Each structure stands twice: as structure tokens, then as C-alpha cells.
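Everything on this sheet refers to the single structure shown next.
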Amino acid sequence: MLFNFTKKKCIFMSIKILLALFFLSFTQLQAQSQYSINGFVKDSNTGEELIGATVYVPSLKLGATTNSYGFYSISLPEGNYEFNVQFIGYDRIKRTIELKENQSIDFNMTPSAQNLEEVIITGESQKDQNVRNTTTGIEKITAKEIQSIPALLGERDIMKVFQLTSGVKSGTEGSAGIFVRGGKTDQNLIILDEAPVYNSSHVGGLFSVFNPDAIKSATLSKGSFSSKHGGRLSSLLDIKMKEGNNQKFHAQGGVGLISSRLMVEGPIVKGESSYMVSGRRTYLDIVAKPFIEADKRDFQMYFFDLNAKVNSWIGSKDRVFLSGYFGRDIFSFKDEGGFDWGNKTATARWNHLFSKKLFSNLSFIYSKYDYRITSEDHKGWKSSLTGGVEDINAKLGFQYFLNPNISFNYGIDFIKHRFFPGDVSGDSGAFTDLKKDPINGYESGIYLSSNISIGSRIILEPGVRVSGFTLIGPFKSMDRVEGNNVLYKEFKDGEIIDEHYNPEPRVTATFMLSETSSLKAAYTRNIQFIHTLKSTSMNTPADLWYPSTLNISPSYSNQYVLGYYQNFKDNLLQFSAEAYYKNMENLKEFRPGTVVFASEIEPNIVEGDGYAYGLELSLKKISGKLTGWVNYTYSRVIQQFDDLNNGKEFPAFQDRPHDVNLVLMYKPSKRVELSALWTYQTGQPYTLPIQKYYSNEMVIPIYSELNKKRFKDYHRLDVAMTLHPKKTLSRRFKHSWTLSIYNLYGRKNTFIQGFAYKKDPDQYGRKYKYEKYSFFGIVPTITFNFKF
């Protein structure tokens with residue numbers, strides 16, 4: 001049942017809370033003898049800020065963790081204190097500071113020499129941080145860890161790594177999409193430097209759009225995420241680009257059989273400003289052509305992407321960032337057409353220190369995803385399909401450090417969505433051109449959260465977000481159905497069509513059982529106003545993004561999580577067990593047989609509910625020459641739609657009860673790195689066609705009960721070896737060779753199924769046969785990597 005909050009009440013309550021906190025931020029609440037110490041924690045070699053580093057005062061058992069920009073702030077009574085600054089993979093800093101006035105002190109940390117011959121696979125800043133923090137269901141990867149993860153098809157792809165974590169399911173073979181705790185791929189909020197990325201796949205999922213050379217960190221929150229973020233039901237994947245080395249010039253890249261890449265970075269003004277530029281391109285078509293028949297070689301199949309970022313300090317209190325991403329996939333076939341798709345993002349950010357305790361961030365963001373599909377049949381008739389979504393976004397957020405035990409995050413954000421639901425045109429005469437006007441919607445959010453420590457055992461993070469969505473004309477909305485006719489109501493340009501305002505309460509709690517073990521619990525309510533609509537269970541570049549309207553309701557979810565965390569052998573081994581239950585309301589599906597871009601959208605949408613539950617077990621070895629993890633997930637995802645499957649419950653496409661992942665990385669010496677991963681999943685459900693009929697030379701299937709059958713279970717083994725030669729061209733130039741084998745034992749996992757046309761009919765005169773297809777066999781690759 002929805003919360004019974006009116007629009008005015010939500011807005012009035014939220015504005016009062018924010019104004020109270022804003023004025024509180026400028027009020028000196030501490031006693032006269034209290035002083036603040038604040039600053040940034042940085043990598044001494046590159047000048048980049050370290051996210052999640054810990055600044056700790058052992059004598060008081062108090063400390064602070066750097067935020068997403070490397071900033072910390074602590075308020076303490078007057079006195080002399082020893083400060084310990086820690087971040088895994090770096091030498092610890094110990095410094096005694098006499099605190100008798102407010103001070104700004106930056107800590108520059110040096111990468112630990114003893115870790116050069118071992119692998120570290122956790123993004124936590126200090127020992128047992130995973131036990132102490134309030135987050136549930138979270139996975140982190142830093143830039144240093146990206147260099148240690150297994151290289152698949154010559155690339156260290158962060159999306160492939162997240163697919164191997166507990167509670168996360170991959171799509172079909174080669175897919176870069178993820179299904180998190182029963183949610184669909186569109187229920188994941190994926191942001192790159194705060195900009196939404198609507199399609200994270202290259203080459204249909206063979207690669208993700210995230211070039212590992214350009215990435216500073218990536219954090220997947222699958223249990224609960226801060227009220228700072230909203231708009232999706234299942235997860236938040238927050239990816240941050242490198243800011244650039246502000247100490248010296250640096251470059252790295254690689255040349256492989258499938259792709260090549262190059263990243264350069266360096267100071268603009270040493271110590272004050274820097275840049276980073278990274279590019280990547282594949283050449284699958286060039287590699288494949290020698291193995292294809294001569295008359296079929298005239299095609300293009302490649303992708304490219306470009307990341308860029310600059311940043312600069314303006315005085316001691318202000319810093320500005322400009323970053324952007326541009327990428328595109330190109331597939332074209334002579335005399336047959338083709339398709340291309342891509343993302344564009346741009347982010348401008350301004351960090352400002354109002355005081356020793358108040359940190360702010362103002363961002364302006366642009367994001368666009370678009371696609372184009374063209375085709376030409378044997379008669380020379382041409383057709384095309386275009387569509388996409390475009391966002392303009394503004395965010396203002398504050399972080400206020402009241403004292404070492406209490407901090408606040410609060411702010412506001414606003415997004416203007418512009419949806420392009422798909423234009424169809426052509427000269428075949430087989431159909432009428434279908435032009436659809438862009439759809440305008442405005443999404444807003446206002447949020448507040450706090451991190452509160454109660455004694456030494458209890459840590460709370462309560463929060464609330466109030467989200468809103470407004471649909472604006474011009475728009476043609478379905479009014480009613482009379483017989484076989486659909487009647488519409490038209491709205492003028494700028495006219496408000498529909499509005500939604502809803503609160504999203506969230507809370508996480510940690511209870512320390514001991515120094516190395518804890519219990520955690522979380523409740524999260526999320527609301528989603530925009531959706532992907534598809535007539536197939538596969539993710540395709542042409543998936544249709546569509547907003548909530550008078551006839552399409554927002555989707556809701558409530559998730560409950562209970563977890564147990566335990567570390568062993570001085571943090572060498574980390575164990576976690578989490579159980580969750582999630583109910584989902586107003587899920588969206590197309591009516592069976594809907595041709596998405598040749599049909600009206602709203603009359604063909606049906607809504608239903610669902611629920612998901614599961615148990616996730618994970619064991620990690622986080623450091624040493626041999627590292628890795630093993631996890632097991634049991635989960636179910638069940639849906640019910642009154643207008644589908646005769647109203648009976650059925651398993652969702654992403655329902656795969658059993659999931660096992662084993663990842664091992666071994667570094668026997670400075671010059672050799674070995675890695676292997678094995679993954680297993682229960683086969684995905686599919687709907688079996690039981691009959692078919694023909695219409696205009698096309699086969700039309702008639703299906704059985706939804707998702708009653710399953711593919712064979714999925715499993716795969718990948719291995720990789722990286723060699724660092726002893727001799728290099730110079731002291732600064734270093735290089736390595738990476739040999740990887742994808743699907744080592746050649747498992748034929750089903751990629752797609754459907755009716756295939758056969759030139760020669762079988763003995764019964766049938767030209768169409770239902771078949772299942774595998775995408776990959778054994779795929780070896782070799783890559784030359786370099787840096788200087």
C-alpha cells in the first residue's frame with residue numbers, strides 16, 4: 001500500500017528539514033574547547049584523493065572516513081593526539097598533532113612496497129571495515145584492484161567481475177547486464193561521474209562501456225543505498241573516473257587481437273590541476289574477415305569509446321571538475337542495413353568548503369543514449385528505426401560533520417527527461433511511417449540521511465528521500481477502449497499531465513558482536529518512474545525507455561535485509577551471510593505478441609507484482625600471493641500479472657535458484673600473474689512455443705505457460721596469465737603480455753532460441769524449425785600491455 005502523503009505535505013516537510021539543517025551547518029554547536037581538523041587524504045605518487053581512507057584517533061577510539069572526494073573532518077577537545085591514517089595497500093601514517101585551534105591538514109599516503117608482490121582484492125580502507133560499516137550488500141573495486149582481477153578476452157572488465165559476486169546474475173552468454181536480487185536490468189542505476197548510463201554494453205555485452213584504464217573506483221550497492229540516490233528499485237553502481245596524475249606525466253595502454261586502448265594523464269599545473277584522456281577501439285571485423293566467405297566480408301563490426309577529465313583547485317576551498325564520455329557501437333552489412341548505438345555524458349562539478357565541518361558539491365550533468373537500426377530486404381525496400389533518451393540534471397548536496405559520532409548528508413536534485421519512443425520510417429509500402437513525438441518528464445528528489453554511532457557497538461544510518469515525477473505535454477494519452485478502437489486524450493505543450501510524489505524511508509543498522517564480527521539489518525523503500533519496455537527477455541540496443549503516465553504507474557519495492565559478517569586470521573579471510581526479501585509492485589510487461597515499434601504502447605502494457613528472496617554466502621581471501629573468493633547464492637523471483645499466464649504466478653526471466661562463483665588469483669613472483677574463474681548458474685527460464693502459424697511468409701509462434709521451461713544449466717571456466725618481462729626498454733617503460741582463454745572447456749551455453757528459416761523444407765514440408773543457439777566456443781586472446 002502506498003504511503004498516504006500529499007504533494008504539499010511532502011514538499012513542505014522536506015523543505016523544513018533541509019532549511020533547519022542548512023542553518024545548523026553554520027551554527028557553532030560544539031563547546032568552546034572543541035576544535036576541528038579537516039583535509040584530504042591523497043596518493044603521494046599521483047595526487048589523487050583516496051575514497052574511504054580512515055583517519056583514526058586510537059586514544060579516543062574515534063575517527064572519520066573520507067567521502068567520495070577524499071575529504072575528512074573530525075572535531076575533538078583540545079589536546080595532543082596521535083592520528084593513524086590507513087588505507088589498504090598503502091603505508092600507514094602515524095602523526096602526533098597538538099590540537100589547540102582549527103586546522104586543515106592533508107595526508108599523502110605512499111603505496112606499500114610489501115604489496116608489490118601480492119594481490120589485494122578489497123576496496124575497504126582498513127582492517128575489519130567491512131564488519132564495522134553500515135552498508136549491506138556492497139561490493140567495491142578500486143583502480144589498483146582492477147589491475148588484479150582476471151582478464152577476460154584481453155580486458156579487465158568491471159561489469160564481468162560484478163557478475164561474479166553473490167546476489168548478482170548475469171544475462172545471456174556475453175551479456176554485460178546484471179540482475180540484482182531479483183530486479184531487472186533497468187532497475188539498476190548506473191552512473192559514471194554522476195551521469196546516468198542507460199546502456200552499459202558494447203558488442204551486445206561482450207564488453208562493457210567502462211574502460212578499465214580510465215576507472216578510479218566502482219561500488220555496487222545491492223542491499224541498500226544512500227537516500228542521496230533514487231529512481232531505481234534494485235541497485236546502485238557508482239563508477240568514478242580517474243582525475244589524472246597531478247605530479248608527473250603517465251601513460252598506459254594495450255594492444256590485443258580484439259581491441260587496443262591508450263590512457264594518458266598528467267599535471268596541467270603540478271599539484272594543482274591535472275587531466276586524463278583515455279580511448280579504446282575494437283577491430284572484430286578486421287580479425288574475422290579472413291575466416292569469412294569472400295562474398296560476405298563487406299561489413300563493419302566495432303566499437304570505440306573516449307573518456308576525458310580535467311580538474312583544478314581554485315584556492316584552498318574550491319575545486320572544479322569537468323569530465324565526459326562518448327562511445328558508440330557500429331554494426332553494418334552491405335545491402336542488408338545495420339545498427340549502431342551509443343552513450344554521451346558530460347559532468348561539471350564544483351566542490352566547496354563552507355567551513356571545517358561543511359562540505360558541498362554542486363553538479364550539472366548531461367546524458368544521452370540513442371540508437372538507429374536500418375534494414376534492406378531482398379526487394380530493395382529500406383526501413384529504419386531510431387529512438388533513445390536524453391537527460392539534463394542538476395544536483396546540490398551537503399555533508400555536515402557535527403562531531404565524530406554524527407554526520408549528515410542532505411540535498412536536492414532535479415532531472416529533465418526527454419524520451420524518444422521510436423520513429424519508424426521506410427519506403428517498402430509494407431507499413432505506414434510511424435512518427436512519435438518526444439515525451440517530456442521532470443524527476444526531482446530531496447533527501448536527508450545521517451550516520452550515527454551509539455557507544456562502541458551500534459551504528460545507525462537512517463534516511464529519507466522524497467521523490468517526484470511530473471509528466472508534461474505535448475502528449476497523447478490513452479483515454480479508454482471502445483470495442484477494437486482505442487480513444488486518446490491530447491494534452492498541449494507545457495500542460496501538466498500527471499504528478500507523483502512519494503517518500504522513500506531507508507535505514508541500516510550495525511551491531512558489533514566483537515571486534516571482528518557484526519550483525520546488520522536494513523530496510524529500503526524505492527520508487528522508479530521510468531522503465532524499459534521490451535517484447536523479448538533479451539537486452540537489446542533498441543530497448544524502449546518510457547516514463548510513468550496516467551496509464552502506467554510508477555514501480556515500487558520494499559527490501560528487508562539481515563546479515564552476519566565475520567573476519568578471520570587478522571582480516572585475511574572475510575565471511576558474510578545475507579538473507580533478503582523484496583516485494584515489488586507495478587512491474588511492467590508487454591502483452592504477448594506485441595510488436596513494440598509497430599504498435600501503440602500504452603494499450604499493450606500490463607502491470608503486475610512480484611517478490612524475490614534469497615540467501616547469499618561469501619568467503620574472500622583478500623591479500624597474499626593467492627587471493628580470491630567463492631560465493632553461493634540461493635534466490636527466487638516470482639511474478640504475477642492478472643493479464644498474463646491466466647493470472648497464475650510464474651518465475652521471472654532472471655529466476656535462477658542456484659549460483660556459484662569461484663575466482664582465484666595467484667602471483668608467485670613479480671613477473672607472473674595467474675587467474676582463473678569458474679561460474680555456474682541454474683538455466684534461465686523460457687517460454688516454449690507449442691504451435692505456430694504463418695502470416696505473410698512469417699512464422700508466428702503460439703506459446704505455452706510463461707517461463708515453464710529452462711535452458712540447460714550455465715557454467716564456464718576462464719583462465720588468464722600475465723607475464724612481466726625482466727628486461728624493459730627503459731626504467732620508466734614497463735610492459736607485459738596477457739594470454740587469456742574464455743570458456744576453456746568449450747561449454748555450449750544457450751544464447752538465444754527461436755524459429756529459424758530453412759531453405760530446404762524437412763520431410764513434412766516445414767521451413768521453420770525451433771532451435772537453440774550457442775554464442776561462444778573457446779576464445780583465446782593475447783594482449784600487449786604497456787605503461788610509462
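The values are calculated or read from the model by the stated rules, or taken from the named source; none is laboratory data. Computed from a predicted structure; not experimentally measured. In this analysis, Cβ positions are derived from the backbone assuming ideal geometry, glycine residues included, and neighbour counts consider all displayed protein chains. Protein only, heavy atoms only, side chains kept; ligands, DNA and RNA dropped before computing areas. Shrake-Rupley method; radii C 1.70, N 1.55, O 1.52, S 1.80 Å.
State whether the residues of the stretch 688-699 include one that is open to solvent by less than 40 Å² (accessible area, probe 1.4 Å) and either in contact with a Cys (Cβ under 9 Å, 6 or more places away or on another chain) or at pLDDT below 85 (or both). Quick ask: steps written out before the conclusion?
Taking the stretch 688-699 as the starting set, the residues that turn out to be open to solvent by less than 40 Å² (accessible area, probe 1.4 Å) are 689, 699.
From what is left, the residues that are either in contact with a Cys (Cβ under 9 Å, 6 or more places away or on another chain) or at pLDDT below 85 (or both) are 689, 699.
Yes, that holds for at least one residue.
Assess whether Ser576 counts as being open to solvent by 20 Å² or more (accessible area, probe 1.4 Å), in contact with a helix residue (DSSP H, G or I) (Cβ under 9 Å, 6 or more places away or on another chain) and in a strand (DSSP E or B). Before you say what the answer is, go through the steps one by one.
Values: open to solvent by 20 Å² or more (accessible area, probe 1.4 Å): yes; in contact with a helix residue (DSSP H, G or I) (Cβ under 9 Å, 6 or more places away or on another chain): yes; in a strand (DSSP E or B): yes.
Answer is yes for this residue.
Condition first: open to solvent by 40 Å² or more (accessible area, probe 1.4 Å) and either closer than 24 Å to Tyr666 by Cβ or modelled with pLDDT of 75 or more (or both). Can you find one or more residues in the stretch 764-775 that meet it?
no
It is to be established whether one or more residues within the stretch 506-521 are under 23 Å from Lys588 (Cα atoms) and touching a Lys or Arg at 6+ places or on another chain (Cβ under 8 Å). Spell out the reasoning first.
Start the filter on the stretch 506-521 by keeping residues that are under 23 Å from Lys588 (Cα atoms), which leaves none.
Checked against the condition, which is being under 23 Å from Lys588 (Cα atoms) and touching a Lys or Arg at 6+ places or on another chain (Cβ under 8 Å), the stretch 506-521 yields no hits at all.
Given the options Lys708, Lys712, Lys670, name the one that is under 24 Å from Gly647 (Cβ atoms) and at pLDDT 80 or above.
On the way: Lys712 fails: under 24 Å from Gly647 (Cβ atoms); Lys670 fails: under 24 Å from Gly647 (Cβ atoms).
Only one candidate passes the filter, namely Lys708.
Would you be able to say whether some residue in the stretch 285-305 is modelled with pLDDT of 95 or more, under 19 Å from Lys240 (Cβ atoms) and either assigned to a strand (DSSP E or B) or open to solvent by less than 70 Å² (accessible area, probe 1.4 Å) (or both)? Write out each step before concluding.
Step one: filter the stretch 285-305 for residues modelled with pLDDT of 95 or more, giving none.
For the stretch 285-305, residues modelled with pLDDT of 95 or more, under 19 Å from Lys240 (Cβ atoms) and either assigned to a strand (DSSP E or B) or open to solvent by less than 70 Å² (accessible area, probe 1.4 Å) (or both): absent.
One residue is enough: does the stretch 109-127 have a residue meeting the conditions at pLDDT 75 or above, surrounded by 15 or more Cβ atoms within 10 Å (Cβ to Cβ) and not hydroxyl-bearing (Ser, Thr, Tyr)? Give the derivation first.
First, the residues of the stretch 109-127 that are at pLDDT 75 or above: 109-112.
In the following step, the residues that additionally are surrounded by 15 or more Cβ atoms within 10 Å (Cβ to Cβ) were identified as 109, 111-112.
So of that shortlist, the ones also not hydroxyl-bearing (Ser, Thr, Tyr) come out as 109, 111.
Yes, the stretch 109-127 has at least one match.
Look through the stretch 130-142, keep the residues that are open to solvent by less than 30 Å² (accessible area, probe 1.4 Å) and of a type outside the set (Val, Ile, Thr), and return whichever of them is modelled with the highest pLDDT.
Glu139
Can you tell me how many residues within the stretch 539-593 are of a type in the set (S, T, N, Q) and closer than 19 Å to Val180 by Cα?
The initial filter retains those residues of the stretch 539-593 that are of a type in the set (S, T, N, Q), namely 539-540, 548-549, 551, 553, 555, 557-559, 566-567, 571, 574, 576, 583, 586.
Filter again for closer than 19 Å to Val180 by Cα, leaving 539-540, 555, 557-559, 576, 583, 586.
Qualifying residue count for the region: 9.
Go through (1) open to solvent by less than 20 Å² (accessible area, probe 1.4 Å); (2) part of a strand (DSSP E or B) one by one and return the number of the condition Arg281 breaks.
It is condition (1) that Arg281 fails.
Name the single residue, out of those in the stretch 580-622 being in contact with a Ser or Thr (Cβ under 8 Å, 6 or more places away or on another chain) and of a type in the set (Ser, Thr, Tyr), that is modelled with the lowest pLDDT.
Thr594
What are the pairs, 6+ residues apart or on separate chains, where a residue within the stretch 189-213 that is part of a loop (DSSP other than H, G, I, E, B) has its Cβ under 6 Å from a residue that is of a type in the set (Gly, Ala, Ser)?
Every condition considered, the pairs that remain are Asp193/Ser323; Glu194/Ser363; Ser200/Ala176; Ser200/Ser208; Leu206/Gly174; Val209/Ser200; Val209/Gly327; Asn211/Ser278.
Looking at Glu504 and the list (1) in a strand (DSSP E or B); (2) charged (D, E, K, R); (3) open to solvent by 20 Å² or more (accessible area, probe 1.4 Å), which single condition is not satisfied?
Glu504 satisfies all of (1) in a strand (DSSP E or B); (2) charged (D, E, K, R); (3) open to solvent by 20 Å² or more (accessible area, probe 1.4 Å) except (3).
Restricting the search to the stretch 453-489, which residues are outside any strand (DSSP E or B) and within 30 Å of Tyr523 (Cα to Cα)?
Taking the stretch 453-489 as the starting set, the residues that turn out to be outside any strand (DSSP E or B) are 455-457, 473-474, 483-484.
Once the filter is applied, which keeps residues that are outside any strand (DSSP E or B) and within 30 Å of Tyr523 (Cα to Cα), the stretch 453-489 yields Gly455, Ser456, Arg457.
Can you find even one residue in the stretch 623-643 that is among the small types (Gly, Ala, Ser) and assigned to a strand (DSSP E or B)? Steps first, answer last, please.
Step one: filter the stretch 623-643 for residues among the small types (Gly, Ala, Ser), giving 623-624, 628, 635.
Imposing the further condition that a residue be assigned to a strand (DSSP E or B) reduces the set to 628, 635.
For the stretch 623-643, residues among the small types (Gly, Ala, Ser) and assigned to a strand (DSSP E or B): present.
Please go through the stretch 218-235 and pick out each residue that is open to solvent by 10 Å² or more (accessible area, probe 1.4 Å) and either in contact with a Lys or Arg (Cβ under 9 Å, 6 or more places away or on another chain) or free of Cβ contacts under 8 Å to residues at least 40 places away in the same chain (or both). Full working, then the answer.
Quick first cut of the stretch 218-235, residues open to solvent by 10 Å² or more (accessible area, probe 1.4 Å) only: 219, 221, 224-226, 228-230, 232.
Thr219, Ser224, Phe225, Ser226, Lys228, His229, Gly230, listed by residue number.
Check Asp493 against each of (1) open to solvent by less than 20 Å² (accessible area, probe 1.4 Å); (2) outside any strand (DSSP E or B) and name the one condition it does not meet.
(1) is the only condition that Asp493 fails.
Any residue in the stretch 319-326 that is in contact (Cβ under 8 Å) with a residue 24 or more places away in the chain, part of a strand (DSSP E or B) and under 30 Å from Ile258 (Cα atoms)? Explain how you work it out, then say what you get.
Just the residues of the stretch 319-326 that are in contact (Cβ under 8 Å) with a residue 24 or more places away in the chain, to begin with: 319-323, 325.
Then keep just the ones that are part of a strand (DSSP E or B); that gives 319-323, 325.
Still in the running and under 30 Å from Ile258 (Cα atoms): 323, 325.
Yes, the stretch 319-326 contains at least one residue that is in contact (Cβ under 8 Å) with a residue 24 or more places away in the chain, part of a strand (DSSP E or B) and under 30 Å from Ile258 (Cα atoms).
Please state which of the following conditions Tyr325 fails to meet, knowing it meets all the rest: (1) at pLDDT 95 or above; (2) closer than 25 Å to Gly388 by Cα; (3) open to solvent by 80 Å² or more (accessible area, probe 1.4 Å).
Among (1) at pLDDT 95 or above; (2) closer than 25 Å to Gly388 by Cα; (3) open to solvent by 80 Å² or more (accessible area, probe 1.4 Å), Tyr325 violates only (3).
Can you find a residue that is of a type in the set (Gly, Ala, Ser), free of Cβ contacts under 8 Å to residues at least 24 places away in the same chain and at positive phi anywhere in the stretch 328-345?
Here is the first cut: in the stretch 328-345, the ones of a type in the set (Gly, Ala, Ser) are 332, 337-338, 342.
This time we only want the ones that are free of Cβ contacts under 8 Å to residues at least 24 places away in the same chain, so: none.
No, the conditions are met nowhere in the stretch 328-345.
Check Phe469 against each of (1) more than 26 Å from Thr136 (Cα to Cα); (2) open to solvent by 40 Å² or more (accessible area, probe 1.4 Å) and name the one condition it does not meet.
For Phe469, the failing item is (2).
I'm trying to understand the selection: among the residues of the stretch 600-637, which are acidic (Asp, Glu) and more than 23 Å from the chain's Cα centre (by Cα)?
Glu600, Glu602, Glu607, Asp609
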